[in-house]
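K.L.:
Quick one: the structure is below, questions incoming.
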Amino acid sequence: LPRPSGRAALSVLVAPLRRAASAGAWGEPAAAAALLVLTDPERRHEPPAALVARLHNLPRAEAELVLGLLAGRDLKAAAEGMGITLNTAKTLLQRAFERTGTHRQAELLTLVLRGPAGAALPGPTG
């Protein structure tokens, strides 16, 4: 969407949502629904660890580690960025798996990216 101000255009994603299997309350067909995501390419920020922690029932340290991994760091670099040892990071990651019902790093990161916090992540150039 272009802006009258001349700033970078807003990006819009419209995705259809699945219709409910059953009809409405009085037998009418279920209404169509869509998800609308509007993003500003000039706004670059990582979701705060508190948001990721709340949304995924993680303690703050586990959420910070997940954000480090989402930023593209490997586990060692994420640990160094947090000022913790690699062994502590491994423990935090294992606990995050347990709390989220995931078993692999890719599953955990996908869970966060597909959730509400994922919409706040910067794009590939951020």
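K.L.:
Kindly indicate whether ALA34 is exposed (fewer than 11 other Cβ atoms within 10 Å of the Cβ), small (Gly, Ala, Ser) and not in a loop (DSSP other than H, G, I, E, B).
P.N.:
On the way: exposed (fewer than 11 other Cβ atoms within 10 Å of the Cβ): yes; small (Gly, Ala, Ser): yes; not in a loop (DSSP other than H, G, I, E, B): yes.
Here the answer is yes, as ALA34 does meet what is asked.
K.L.:
Out of (1) modelled with pLDDT under 85; (2) surrounded by 12 or more Cβ atoms within 10 Å (Cβ to Cβ), what's the single condition that is false for ALA25?
P.N.:
Condition (2) is where ALA25 drops out.
K.L.:
Now for a separate question. Do we have GLY118 as within 14 Å of ALA49 (Cβ to Cβ) and either part of a helix (DSSP H, G or I) or over 12 Å from the mean Cα position of the chain (by Cα) (or both) here? I'd like the intermediate steps shown before the answer.
P.N.:
Numbers: within 14 Å of ALA49 (Cβ to Cβ): no; either part of a helix (DSSP H, G or I) or over 12 Å from the mean Cα position of the chain (by Cα) (or both): yes.
Considered against the rule, which asks whether it is within 14 Å of ALA49 (Cβ to Cβ) and either part of a helix (DSSP H, G or I) or over 12 Å from the mean Cα position of the chain (by Cα) (or both), GLY118 comes out as no.
K.L.:
Additional query: Name the pairs whose Cβ atoms lie under 9 Å apart, with the first residue in region 52-71 and in a loop (DSSP other than H, G, I, E, B), the second surrounded by fewer than 21 Cβ atoms within 10 Å (Cβ to Cβ) and among the hydroxyl-bearing types (Ser, Thr, Tyr), and 6 or more positions between them or separate chains?
P.N.:
Listed pairs, sorted by first residue: ASN57/THR100; LEU58/THR100.
K.L.:
Same structure, new question: Can you say whether THR102 is part of a helix (DSSP H, G or I), under 30 Å from SER11 (Cβ atoms) and of a type outside the set (A, V, I, L, M), as far as the supplied structure shows?
P.N.:
Numbers: part of a helix (DSSP H, G or I): no; under 30 Å from SER11 (Cβ atoms): yes; of a type outside the set (A, V, I, L, M): yes.
Answer is no for this residue.
The values are calculated or read from the model by the stated rules, or taken from the named source; none is laboratory data. Computed from a predicted structure; not experimentally measured. In this analysis, Cβ positions are derived from the backbone assuming ideal geometry, glycine residues included, and neighbour counts consider all displayed protein chains.
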